[in-house]
Amino acid sequence: MAAAASAFLASQLPAPKSSPSSLSGLRHACLHTDQAFFRKIDSHLTLSAPRTPSRPVLAMAASGKAHVVVAPPFVYIDQVKNSLTDRIEISAQNSWVGKGGAFTGEISVEQLADIGCKWVILGHSERRHVIDSVPGWDDVVIAYEPVWAIGTGKVATPQQAQEVHVAVRDWLRKNVSADVASKTRIIYGGSVNGSNSAELAKQEDIDGFLVGGASLKGPEFAVIVNSVTSKKVAA
Ligand SMILES: O=C[C@H](O)COP(=O)(O)O
């Protein structure tokens, strides 16, 4: 199980030069906990989900273009999974990342895999996890979310997000490999909605989205999913 130290990686990234001055201090301070890692359990984009996904979500998924993963709270995973087609995969919002043992109340990746959950979000800024190592990068998706943008309605500009995504990719190139840098999906999260997703998706290094609030609105969620270009879907 899973991923690099998010705080460690983030601490090596520069604050985006294009930050507006009113946000630059906050952005810089927040940057240290802004990266989350998605680790595929078996084999990006992850989303909050209502108990029952809406018809537009199912219709959009059936179109077969974007890779869609929904991340309901633990207690709804089975219910949501049973209401979805196989085209939409399931993620947990967190998991126990330590070794085995007696940890009452924690949920392990083995348990998640056992109920058909293929992904897990690790290191979301709301969880403050720090993860030790990445045994393999093939199934890791990195999400950049400025903390000030999460649930606030304040979205990073496409240029700001692109700048940080480039920095993340550069970090991967220097610290892992050029191959991993080019293949790893880096997704943006933080007040993504149907009005801003298209411009964000045009950026070269934005490979998808981590959507919170807008994922609960079926038609808007479908707009966001469809804004991810075919180039990135194919990646
Ligand atoms: O988990 C969700 C992300 O943190 C983004 O949430 P948001 O789209 O509501 O800002």
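A few comments on the model shown:
- Residue match in segment 126-147 (condition: assigned to a helix (DSSP H, G or I) and either over 15 Å from the mean Cα position of the chain (by Cα) or within 13 Å of the ligand (Cβ to nearest atom) (or both)): yes
Each row is one residue, and each column tells you yes or no for (1) closer than 16 Å to residue 70 by Cα; (2) of a type in the set (D, E, K, R).
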{"position": "173", "(1), (2)": "no, yes"}
{"position": "176", "(1), (2)": "no, no"}
{"position": "184", "(1), (2)": "no, no"}
{"position": "205", "(1), (2)": "no, yes"}
{"position": "208", "(1), (2)": "yes, no"}
{"position": "225", "(1), (2)": "yes, no"}
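Residue-wise test of (1) at pLDDT 95 or above; (2) over 26 Å from residue 87 (Cβ atoms).
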residue	(1), (2)
166	yes, yes
189	yes, no
195	yes, no
225	no, no
233	no, no
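- Looking only at segment 154-187, and only at residues there that are within 16 Å of the ligand (Cβ to nearest atom) and more than 14 Å from residue 207 (Cβ to Cβ), the one that is surrounded by the fewest Cβ atoms within 10 Å (Cβ to Cβ): 154
- Segment 205-215 - residue that is within 14 Å of the ligand (Cβ to nearest atom) and assigned to a loop (DSSP other than H, G, I, E, B) and, of those, surrounded by the most Cβ atoms within 10 Å (Cβ to Cβ): 208
- Residues located in segment 197-215, provided they are in contact with a strand residue (DSSP E or B) (Cβ under 9 Å, 6 or more places away or on another chain) and either over 17 Å from residue 145 (Cβ atoms) or at pLDDT below 90 (or both): 215
- No other residue among 190, 151 is within 16 Å of the ligand (Cβ to nearest atom), on the phi > 0 side of the Ramachandran plot and crowded, with 20+ Cβ neighbours inside 10 Å apart from 190.
- For segment 77-98, the criterion of a residue being more than 16 Å from the ligand (Cβ to nearest atom), out of contact with any strand residue (DSSP E or B) (no Cβ under 7 Å at 6 or more places or on another chain) and farther than 24 Å from residue 217 by Cα is satisfied by at least one position.
- Any helices (runs of 4 or more DSSP H) falling wholly within segment 155-204 and containing at least 3 residues that are more than 28 Å from residue 222 (Cα to Cα): 158-175, 178-183
The values are calculated or read from the model by the stated rules, or taken from the named source; none is laboratory data. Note that the coordinates shown come from a computational prediction; the quantities given were computed from them, not determined experimentally. Here the Cβ is made from the backbone with ideal geometry for all residues, glycine too, and neighbour counts use every protein chain on show.
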